[in-house]
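Asks: Here it is: the structure, laid out below.
The values are calculated or read from the model by the stated rules, or taken from the named source; none is laboratory data. Note that the coordinates shown come from a computational prediction; the quantities given were computed from them, not determined experimentally. In this analysis, Cβ positions are derived from the backbone assuming ideal geometry, glycine residues included, and neighbour counts consider all displayed protein chains.
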Amino acid sequence: MSLRDLAHFMMTLSDNAATDIVMDRVGRAAIGAVIDDLDLHATRVDGDCGDLFDTIAEDLGIPRDAPLGVLEAAWAEPPLSKLRAIDPERSLNRSTPRDITTLLNAIWTDDAASPAACQYVRAVMGEQVWSQRLASGFESAVSVAGKTGTIPTVRNEVGVVTFPDGDSYAVAVFLTSDTMIGRDAAADAAIGRAAQIAVEHLRADRHSQ
């Protein structure tokens with residue numbers, strides 16, 4: 001499997017294994033250099049998906065390869081305050097909606113990398129298979145190129161929304177809850193609705209000028 005294939009799975013399916021292989025080949029120093037170059041001061045990527053889930057297992061007091069019954073018991077009543085992964089001050093990886101929309105703007109204006117590389121990222125994000133979050137807030141004529149992010153109690157999606165008239169808006173919605181539910185249709189719909197409200201406000205402001 002090529003690195004391009006792995007990158008595609010990483011972005012379109014949120015494939016954790018593919019993500020970790022790509023990160024290993026690219027190197028964290030190179031990732032950090034891009035973060036610094038784009039002045040994303042609130043963003044850190046100090047671990048891959050495996051590292052992040054290692055901290056969760058440690059904080060829950062269970063081995064990563066624990067039997068299903070042990071995992072289910074740990075998730076049932078987890079000590080949420082102890083999970084480093086969901087604490088921005090202690091998590092290996094963190095960012096903010098402002099930093100992420102800055103990154104998206106750089107990708108969409110070819111400032112994040114070469115025009116060819118930025119075009120590739122835009123195309124892959126447009127093929128993401130998940131439609132229950134950002135895309136749920138917009139009609140089918142509006143294209144959404146996005147990337148989800150999910151860890152216990154955290155459900156995010158970021159992306160660029162483009163209208164038929166060419167107007168594009170970078171959006172980042174970060175949502176937290178106090179439960180460990182794996183599937184939460186109401187939370188997913190809330191992300192779409194929040195994005196819709198924000199974009200409608202920006203679009204009205206742009207067209208009133």
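Asks: Please give the number of the condition R90 fails out of (1) touching a helix residue (DSSP H, G or I) at 6+ places or on another chain (Cβ under 8 Å); (2) buried (at least 16 other Cβ atoms within 10 Å of the Cβ).
Replies: (2)
Asks: Related question: How many of the residues in segment 60-86 are in a loop (DSSP other than H, G, I, E, B) and surrounded by 14 or more Cβ atoms within 10 Å (Cβ to Cβ)?
Replies: Of the residues in segment 60-86, 4 are in a loop (DSSP other than H, G, I, E, B) and surrounded by 14 or more Cβ atoms within 10 Å (Cβ to Cβ).
Asks: Restricting to segment 139-181, give me the number of residues that are among the aromatic types (F, W, Y) and touching a strand residue (DSSP E or B) at 6+ places or on another chain (Cβ under 6 Å).
Replies: So the count comes out to 2.
Asks: Is it the case that R94 is farther than 30 Å from E127 by Cβ and either basic (K, R) or touching a residue at least 60 places away in the same chain (Cβ under 8 Å) (or both)?
Replies: It is false that R94 is farther than 30 Å from E127 by Cβ and either basic (K, R) or touching a residue at least 60 places away in the same chain (Cβ under 8 Å) (or both).
Asks: Residues D51, D59, D24, D37: which one is modelled with pLDDT of 95 or more, under 22 Å from M180 (Cβ atoms) and out of contact with any Cys (no Cβ under 7 Å at 6 or more places or on another chain)?
Replies: That would be D51, the only listed residue that is modelled with pLDDT of 95 or more, under 22 Å from M180 (Cβ atoms) and out of contact with any Cys (no Cβ under 7 Å at 6 or more places or on another chain).
Asks: For segment 79-94, what are the residues that are under 23 Å from the mean Cα position of the chain (by Cα) and within 15 Å of I181 (Cα to Cα)?
Replies: Answer for segment 79-94, where residues must be under 23 Å from the mean Cα position of the chain (by Cα) and within 15 Å of I181 (Cα to Cα): L80, I86.
Asks: If I filter segment 159-171 for residues that are within 30 Å of A74 (Cβ to Cβ) and touching a residue at least 24 places away in the same chain (Cβ under 8 Å), do I get at least one hit?
Replies: No, because not a single residue in segment 159-171 is within 30 Å of A74 (Cβ to Cβ) and touching a residue at least 24 places away in the same chain (Cβ under 8 Å).
Asks: Still on this structure, please answer the following. Restricting attention to segment 127-158, and to residues there that are of a type in the set (G, A, S) and under 18 Å from T19 (Cα atoms), which single residue is nearest to the chain's Cα centre (by Cα)? Break it down stepwise before answering.
Replies: Taking segment 127-158 and keeping what is of a type in the set (G, A, S), we get 131, 135-137, 140-141, 143, 145-146, 149.
The next check asks that each one be under 18 Å from T19 (Cα atoms); those that pass are 146, 149.
Values: G146: 8, G149: 4 Å.
Across segment 127-158, the extreme among qualifying residues is G149.
Let's see how each residue does on (1) over 18 Å from the mean Cα position of the chain (by Cα); (2) in a strand (DSSP E or B); (3) crowded, with 17+ Cβ neighbours inside 10 Å:
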| position | (1), (2), (3) |
| --- | --- |
| V160 | no, yes, yes |
| P164 | yes, no, no |
| V171 | no, yes, yes |
| D178 | yes, no, no |
| R193 | no, no, no |
| H201 | yes, no, no |
| R206 | yes, no, no |
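Asks: While we're on this one: Could you say which residue among L13, L6, L103 is within 17 Å of the chain's Cα centre (by Cα), surrounded by fewer than 16 Cβ atoms within 10 Å (Cβ to Cβ) and not acidic (D, E)?
Replies: Of the residues listed, the single one that is within 17 Å of the chain's Cα centre (by Cα), surrounded by fewer than 16 Cβ atoms within 10 Å (Cβ to Cβ) and not acidic (D, E) is L13.
Asks: Test A135 against the stated conditions and say whether it is within 15 Å of A194 (Cα to Cα) and either assigned to a loop (DSSP other than H, G, I, E, B) or among the small types (G, A, S) (or both). Talk me through it step by step, then tell me what you get.
Replies: Working: within 15 Å of A194 (Cα to Cα): yes; either assigned to a loop (DSSP other than H, G, I, E, B) or among the small types (G, A, S) (or both): yes.
Against the criterion (within 15 Å of A194 (Cα to Cα) and either assigned to a loop (DSSP other than H, G, I, E, B) or among the small types (G, A, S) (or both)), A135 qualifies.
Asks: Can you tell me which condition S14 does not meet? The list is (1) assigned to a helix (DSSP H, G or I); (2) within 20 Å of A170 (Cα to Cα), and all the others hold.
Replies: (1)
Asks: A further question follows. So, in segment 37-59, of the ones that are without any contact (Cβ under 8 Å) to a residue 12 or more places away in the chain and over 19 Å from P88 (Cβ atoms), which residue ends up surrounded by the most Cβ atoms within 10 Å (Cβ to Cβ)?
Replies: A57
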